[in-house]
Amino acid sequence: MTGEEIKNLFSSCGALLEGHFRLTSGKHSGRYIQCARVLQYPEYAEKLCRVLVERFQNEKIQVVVGPAMGGIVLAYELARLLKARALFMEREEGSMLLRRGFNIEPGERVLIAEDVITTGGSVMEVLNKVRDYGGKVVGVAVLVDRSRGKANLGVRKEALLNINIHAFSPDKCILCKQGVPLVKPGSRKI
């Protein structure tokens, strides 16, 4: 799939939203990407993940880990295509952890999956935890990178879309100043 085909797929699924949004990072934005609207269709999830799998096919990946919630479906589909295990980390008392009996064996080759990166904070939490468990992070597969190239994760990062969507600190948000109602669409508290 080309970048234009991927962008059209997101648009056709209603995944590109307009409004006033509070991002996981705490910043505000007039646009939001709701990848779940695309990933709700298994055939689209498979198509998108096949493109990412091609980019990591020679890495001998054993485990794919995604942060809850946005990375769960993506991690599962990537792992299915790579014939690897699919795990997810979830927040407990403010920290990302493997729960539910999941584990990463020392030396296992791990791919991290995420739907959208803005600052890279959630991915860095998962990446550091994978290393704490002894896993070897071979890269990050992401559907949408909206960091404008600023999210340096210290490992290989492959994104299907790089979208330049401006985000504001709350004190400099023009939408707040205009009185546009603020919406928190993400899953950080889950």
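Can you tell me the dipole magnitude for the chain around its Cα centre, using point charges on the Cβ only (Lys, Arg +1; Asp, Glu -1), in Debye to the nearest 20? Provide the component values of the computation, followed by the final result.
Working: 29 positive and 20 negative charges, 70 e Å.
Here the size comes out at about 340 debye.
Give the share of C-alpha pairs in each 10 angstrom bin for segment 3-177, from 0 to the last occupied bin, in whole percents, shortest bins first.
Result, from short to long distances: 10, 39, 35, 13, 2, 0 percent.
Provide the packing ranking of 31-44, 4-17, i.e. peptides ordered by the mean count of other C-beta atoms within 10 Å per residue, highest first. All intermediate terms of the calculation are to be shown ahead of the outcome.
Details: 31-44: 17.4, 4-17: 15.2.
Final packing ranking: 31-44, 4-17.
Run the lone-cysteine check on the chain: no other Cys C-beta under 4.7 Å from the residue's C-beta.
By the Cβ distance rule, which asks for a partner under 4.7 Å, the isolated cysteines are CYS13, CYS35, CYS49.
For segment 144-179, which trypsin sites (Lys or Arg not before Pro) pass both filters: DSSP loop (anything but H, G, I, E, B) and at most 14 other C-beta atoms within 10 Å? Intermediate values should be presented prior to the final figure.
Details: sites: ARG146, ARG148, LYS150, ARG156, LYS157, LYS172, LYS177; in loops: ARG146, ARG148, LYS150, ARG156.
Within segment 144-179, the qualifying trypsin sites (Lys or Arg not before Pro) (loop, at most 14 other Cβ atoms within 10 Å) are ARG148, LYS150, ARG156.
Go through segment 146-152 residue by residue and turn each phi into a ³J(HN,Hα) via Karplus (6.51, -1.76, 1.60, θ = phi - 60°); whole Hz please, and just put x for glycine and proline.
10, 7, 6, x, 8, 7, 8
Just want the ordering: THR24, THR2, from fewest to most Cβ atoms lying within 10 Å of their own Cβ. Each step should come with its number before you reach the end.
Values: THR24 18, THR2 8.
Final ranking by Cβ density, sparse to dense: THR2, THR24.
Where the centroid of each part is defined by its Cα atoms, how far is segment 1-60 from segment 82-129 in Å?
19
No value in this document is a laboratory result; all are computed from the given coordinates. These numbers come from a predicted model, not from an experiment. Reconstructed Cβ throughout: ideal geometry from the backbone, glycine too, with neighbour counts over all protein chains shown.
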